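Scroll down for the structure; my scribbles are underneath it.
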Amino acid sequence: MIRNRWKACLLIACMVWVFAGIPAEAYGSHFRPGPKGKDVTISNGGLSIKFNIPWGGVVVSVSNRHVAHGLNIVDTHDPGRELQVDQFLFLMINGHWSLMLNPTQAGSFGHQAFYLHPHGVIHPEIGSKVVRWNASRTHFHAVIDPVDYDTGHPTKWVYVEDVRISAKGVAHFHFTFYNHGMQTYLLDSEVPTLYSDWTDAFLYPLVSPYGRAGRSLLLQDAKWPVRMVRGSRWPEGHLTSKGWIANIDTRNNIGIFYTTPVGRPETYGVFARAAFRGRNPLGKSNVTVRKAISYPGEIYLIDFSVLVSTPQNGPALISKQPQAVLKVIRNQPPE
């Protein structure tokens with residue numbers, strides 16, 4: 001969602017920040033960014049997930065104290081990043097599908113060009129409202145009213161977020177999406193998207209853990225067959241999901257691994273010029289729903305798992321997690 005930001009990138013790039021040989025623990029503490037306001041953290045003692053309430057309960061940190069000194073590589077420069085879900089909603093106008101809304105869990109960046117105003121609409125950063133939330137040591141629940149990323153205006157959608165951390169240090173995410181609007185849209189959805197700092201590589205499996213061959217490999221506890229790719233420009237690569245993907249920081253030997261619905265489109269790449277805070281390059285990966293019709297009253301959900309590990313150990317660990325599931329609960333055409 002880094003749209004219309006290259007002017008800001010060029011301005012910031014004029015300030016040359018050089019961080020050579022920064023140890024992981026310093027990088028994770030001294031340079032920790034994030035929005036202002038209340039953070040809520042859940043943890044099993046190893047894996048920790050941090051949510052920001054002013055930004056729609058979005059995930060601003062995923063770390064494991066046993067990996068890279070507890071380093072967090074989730075990027076939180078603005079509400080268009082983080083680990084989150086969002087949607088792109090199109091309406092048919094004059095025979096063409098036109099983008100009308102971009103409900104985004106974290107909120108609106110502000111100062112964005114808006115599709116109806118070629119000179120842009122200037123407004124401050126606006127976080128999506130968390131209607132209510134509660135948390136225990138290993139569980140977080142929130143009900144979110146996502147705003148439109150471009151305008152900051154409320155939308156007719158509601159997101160419900162549930163996250164539980166298991167005793168084995170894996171976070172299991174469950175999002176439910178409710179369409180309370182009265183219009184029929186063509187829908188693209190990122191379920192989820194992950195922006196991360198110092199991400200110079202991505203990992204994905206060559207064999208799905210959820211097919212017959214994959215189950216045989218799991219029983220043998222074999223080293224998982226993967227491909228590591230490096231990218232220099234978003235979107236560097238397009239895949240069809242085989243079950244998971246990971247954003248990798250090779251400098252600190254750490255990755256955020258998450259399961260993705262098999263058969264869905266995945267994309268990955270880096271924004272090498274996005275040198276915010278000297279934590280360049282900025283990486284992004286996501287799995288998407290594309291060109292789906294969303295009728296009034298639609299309800300759909302996504303279940304996926306997240307863990308932090310090394311590129312060496314992570315593939316086998318994430319491959320043992322439950323298969324990510326994308327499911328439409330209700331989506332009936334109006335009578």
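What follows is calculated from the coordinates using simple rules that are stated; it is not laboratory data. In this text, all values refer to a predicted model and were calculated from it rather than measured experimentally. Counting neighbours? That spans all protein chains shown, and the Cβs are built from the backbone with ideal geometry, glycine included.
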Excluding residues fewer than 8 positions from LYS168 in its own chain, the lysines with Cα under 20 Å of it are LYS50, LYS223, LYS320
By the mean-Cβ-within-10 Å protection proxy, highest first, 289-298, 193-202 rank as 193-202, 289-298
The set of residues whose placed amide H lies less than 5 Å from the amide H of ILE254, leaving out same-chain residues fewer than 5 positions away, is ASP249
Scoring the stretch 51-174 by relative contact order with C-alpha pairs under 8 Å, at least six apart, yields a percentage of 20
